[in-house]
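The next block holds one structure in the form of structure tokens; read it before the comments.
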Amino acid sequence: MNNINVTTLTTAQVAGLSTVVIRSFSTDQIAELSSEQLAVMTTAQIGVFTSGQLAAITTSAVVGLTSTQAGVFTTAQLVGLTTAQASSLSSTQVGGFSTAGVKALTTSQLGGFTTDGVVGFTNSQVAVLSSAQLSSLSTSQVDVLSSSQLGALSTTAIKGLTTAQIAVLTSTDTVGFTTAEIAALSSTQLTALATDGLAGLTTAQVRTLNSAQVAGLTTTQVDALTSTQLGALSTSAIKGLTTAQL
């Protein structure tokens, strides 16, 4: 514990503080940091924050975090990230998190991210999301994921997409799915695709559909398939077509 009045420190003084002093700051002192003071801290200083100290940073100050600083947060530190802080993070800051840090985020923390924050996820970060993390995202968050981000999801994670999330995907989204991801989708998930989302499937993607997936499609979805898409269905998948679909 120390008696430093944080509010009187200049940015130069803050940058010059030792990691020992930073570690000795009480949560009340941490809460007095401004965004300008936080922005000048070295990664070494940021690296000694406890989860409790991290949680004490105000939402007005957390906007000062640089992507480089965000990148040094450990899984132990990120336990302290509050949903209010998460909602204040920009796409640049989110993009700075390490993949280990993203992997450690709780569903509550992820739910706190704004759509701008979600846009900041790199493909490498998206690739480590679990099915539970993915399913916890709101439809608004899923709606802003790019085709590139969607294509980076693991085949394990994609199983976590809910029908409500899948329903918001458009043709510009689904075109990004890899053939492995398409093959991993359940018939229930595929049935949730809007006709616009279905229209985005390439022949290579359609070719990976199995008979169970095809059998699960609604008549409206089958009617929306183009002749090119229908022609791409494998012979085994065609066997899944029901009389109602034909």
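Multiply the residue separation of ASN2 and SER35 by 0.36 nm, subtract the distance between their alpha-carbon atoms, and state the gained length in nm to one decimal.
Extending this stretch completely gives an extra 9.7 nm.
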Between ALA12 and SER140, the FRET efficiency computed from the C-beta separation at R0 = 45 Å comes out, to the nearest 0.05, as 0.60
Classified through the alpha carbon gyration tensor (a ≥ b ≥ c as square roots of its eigenvalues; rounded if a/c is under 1.5, else prolate when a/b is larger than b/c, else oblate), region 1-53 comes out rounded
Expressed in angstrom and rounded, the centroid-to-centroid distance over alpha carbons for region 29-59 and region 156-198 is 40
Dimensionless Rg/Rh of the chain, both radii on Cα and Rh by Kirkwood, sits at 1.15
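No lab work stands behind these numbers, since they all come straight from the coordinates. These numbers were taken from a predicted model, which means no experiment stands behind them. Here the Cβ is made from the backbone with ideal geometry for all residues, glycine too, and neighbour counts use every protein chain on show.
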